[in-house]
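Colleague: So that we are looking at the same thing, I have put the structure below in structure tokens.
Read-outs: derived from the displayed coordinates by stated rules, not from any lab. Values in this document were obtained by computation on a predicted structure and should not be read as measured data. Cβ placement follows ideal geometry from the backbone for every residue including glycine, while neighbour counts extend to all protein chains displayed.
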């Protein structure tokens, strides 16, 4: 992981033809190399994890007739750890 400013400084070893940070950033964007900060999501609490596990245990024996009367929403994501995403 590096920044456009650090890359520019590394490439500007030759002072005869310096490169600006803006030019470096534009070149990276043209090559579809972009950096973005990830959105921070709250970690799942132990209480919520226990409730979700209990709900799964209670409903794991459901058959199709039981499920057709439930309203299911779109997927939601949550983080167990900062780098691991789980979709339910």
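Colleague: Do you know which residues across region 36-68 are surrounded by fewer than 10 Cβ atoms within 10 Å (Cβ to Cβ) and in a helix (DSSP H, G or I)? Quick ask: steps written out before the conclusion?
Modeller: Within region 36-68, the subset surrounded by fewer than 10 Cβ atoms within 10 Å (Cβ to Cβ) is 36-40, 42, 45-47, 57-58, 60-61, 63-65, 68.
Hits for region 36-68 are 46, 47, 57, 58, 64, 65.
Colleague: Okay, next question. If we keep just the residues of region 4-20 that are within 27 Å of the chain's Cα centre (by Cα) and touching a residue at least 12 places away in the same chain (Cβ under 8 Å), which is surrounded by the most Cβ atoms within 10 Å (Cβ to Cβ)? Can you show your working first?
Modeller: Initially, region 4-20 is screened for residues within 27 Å of the chain's Cα centre (by Cα), giving 4-7.
Within this subset, residues satisfying the condition of being touching a residue at least 12 places away in the same chain (Cβ under 8 Å) are 4-5, 7.
Numbers: 4: 19, 5: 11, 7: 16.
If we take residues in region 4-20 being within 27 Å of the chain's Cα centre (by Cα) and touching a residue at least 12 places away in the same chain (Cβ under 8 Å), then 4 is surrounded by the most Cβ atoms within 10 Å (Cβ to Cβ).
Colleague: Something else about it: So for region 28-35 (the condition being loosely packed, with under 10 Cβ neighbours inside 10 Å, on the phi > 0 side of the Ramachandran plot, under 27 Å from the mean Cα position of the chain (by Cα) and not in a helix (DSSP H, G or I)), does at least one residue qualify?
Modeller: Taking every residue of region 28-35 in turn, at least one turns out to be loosely packed, with under 10 Cβ neighbours inside 10 Å, on the phi > 0 side of the Ramachandran plot, under 27 Å from the mean Cα position of the chain (by Cα) and not in a helix (DSSP H, G or I).
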